[in-house]
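What follows is a short report on a single structure.
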Amino acid sequence: MGLDPKDGGLPMVQDLVESGIDEVPQRFVKPAEERSFSAARTEDDEVPVIHVAELDTAEGIAKLNSACRDWGFFQLIGHGIPPELLKQVRKTVRDFFRLPREQREAYAIRSDAPSLASQEGYGRFFVPSKETVLDWDDLVYHFLPPIRNWPSNPPEYRKVVEEYGQEIRPLAIKLLQCMAEALGQRASFFSEAFGPSPHYAIRLNYYPPCPQPELVIGISPHSDLVGLTVLLQDEVEGLQVKKDGQWRSVRSIPDAFVVNVGDTIEILTNGAYKSVEHRAVVNKECSRISIATIYGPGRDRKLKPITSEEMPPLYKEISMAELLEAFLSGELNGKGHLQFVRIV
Ligand SMILES: O=C(O)CCC(=O)C(=O)O
Ligand SMILES: [Fe+2]
């Protein structure tokens, strides 16, 4: 659901902030029982950090394996993507979200898209009803490449976003090959499962400063559905990951990617690799951006878990199209959307 006037024009956070509010509108206030946003931060138990060069060694593959099993998350450093491009993409994203309202709205998500899964543009997702509490996050979603409907301002938008998408794709493929190796599967396991037309998309998140950050959430607890997410954050922290029932902050490492396992990978690996709940909190002083590239199975794929005699299937076979529709038609609700795929 976007900014289409037929939707009753959902408010965008940047517009509220620009109008000078000092109280958060009720529509964004999380119920009291969901409002505990603090997180632990212990250096001896944080999201594992992996250098790309480690992936050429058996120890590195073992480290990747335990990161995907125990955390569903890792931070990737030494990836070789030029820091200049990372700087440019961050700047372009910030510049877009600060454009005058009419210019941002020209790229609004259209509610007449043929399906929820084909919606793209500026706005918000996961708002199935008027009662849904809104996240303190304005976003843009594009399928890659090439992007189909891009803002003409900032002028470099299309070039930078596409170039960034082109750099991330081979990195995601390499990581998936290493993950397959770590699982004892052939290197092409995920590319075969994802098929000839994988889902490749980018989600740009913008979290303006909030006058009452204790009442709202930037992005509600969720697991990512599509496949592998490669996230670039800036120096402003806010991402939290749930580990052993406890929320933990993810440190901002300059130019590192935060990589996480999505639901389709949990299904395909029959639960060996977990898609883990995460959320983003906001703060009073500064805005935050994050840029998520998302790589997973094409719409027409059937997802079937790898099984063995000792390990019977824990998930039903399901099509990617069905899974996407189920995910996109509800609110973000932890891992709730996976419930109907699980065999209990
Ligand atoms: O902003 C973040 O750090 C998290 C964003 C996220 O979880 C998402 O886009 O799915
Ligand atoms: Fe996410």
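Every read-out reported here was derived from the displayed coordinates using simple, explicitly stated rules and does not represent laboratory data. Just so it is clear, the structure is predicted and the values come from calculations on it, not from any experiment. No Cβ is skipped: glycine too gets one built from the backbone with ideal geometry, and neighbour counts run over all protein chains shown.
Structure above, values below:
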read-out	value
Search result, residues across the stretch 214-233 that are part of a loop (DSSP other than H, G, I, E, B) and more than 10 Å from ligand 1 (Cβ to nearest atom)	Glu214, Leu215, Val216, Ile217, Gly227
Lone qualifier among Val24, Val47 - being in a loop (DSSP other than H, G, I, E, B), over 24 Å from the mean Cα position of the chain (by Cα) and surrounded by 18 or more Cβ atoms within 10 Å (Cβ to Cβ)	Val24
Subset of the stretch 267-281 that is touching an Asp or Glu at 6+ places or on another chain (Cβ under 8 Å) and in a loop (DSSP other than H, G, I, E, B) - its residue that is nearest to Gly20 (Cα to Cα)	Ser275
Conditions (1) crowded, with 19+ Cβ neighbours inside 10 Å; (2) of a type outside the set (Val, Ile, Thr); (3) more than 16 Å from ligand 2 (Cβ to nearest atom); (4) in a loop (DSSP other than H, G, I, E, B): number failed by Tyr122	(4)
Pairs where the first residue, in the stretch 202-229, is closer than 12 Å to Ser275 by Cβ and in contact (Cβ under 8 Å) with a residue 40 or more places away in the chain and the second is more than 16 Å from ligand 2 (Cβ to nearest atom) and hydrophobic (A, V, I, L, M, F, W, C), C-beta under 7 Å, 6+ apart	Gly227/Phe194; Leu228/Leu175; Leu228/Leu176
Cβ pairs under 7 Å, 6+ apart, first in the stretch 148-167 and among the basic types (Lys, Arg), second outside any helix (DSSP H, G or I) and surrounded by fewer than 18 Cβ atoms within 10 Å (Cβ to Cβ)	Arg158/Trp150
Condition check for Pro254: within 30 Å of Pro83 (Cβ to Cβ) and surrounded by fewer than 16 Cβ atoms within 10 Å (Cβ to Cβ)	yes
Single match in Phe194, Phe189 (criterion: more than 14 Å from the chain's Cα centre (by Cα), surrounded by 23 or more Cβ atoms within 10 Å (Cβ to Cβ) and more than 16 Å from ligand 2 (Cβ to nearest atom))	Phe194
The one condition in (1) of a type in the set (A, V, I, L, M); (2) surrounded by fewer than 17 Cβ atoms within 10 Å (Cβ to Cβ); (3) in a helix (DSSP H, G or I) that Val93 fails to fulfil	(2)
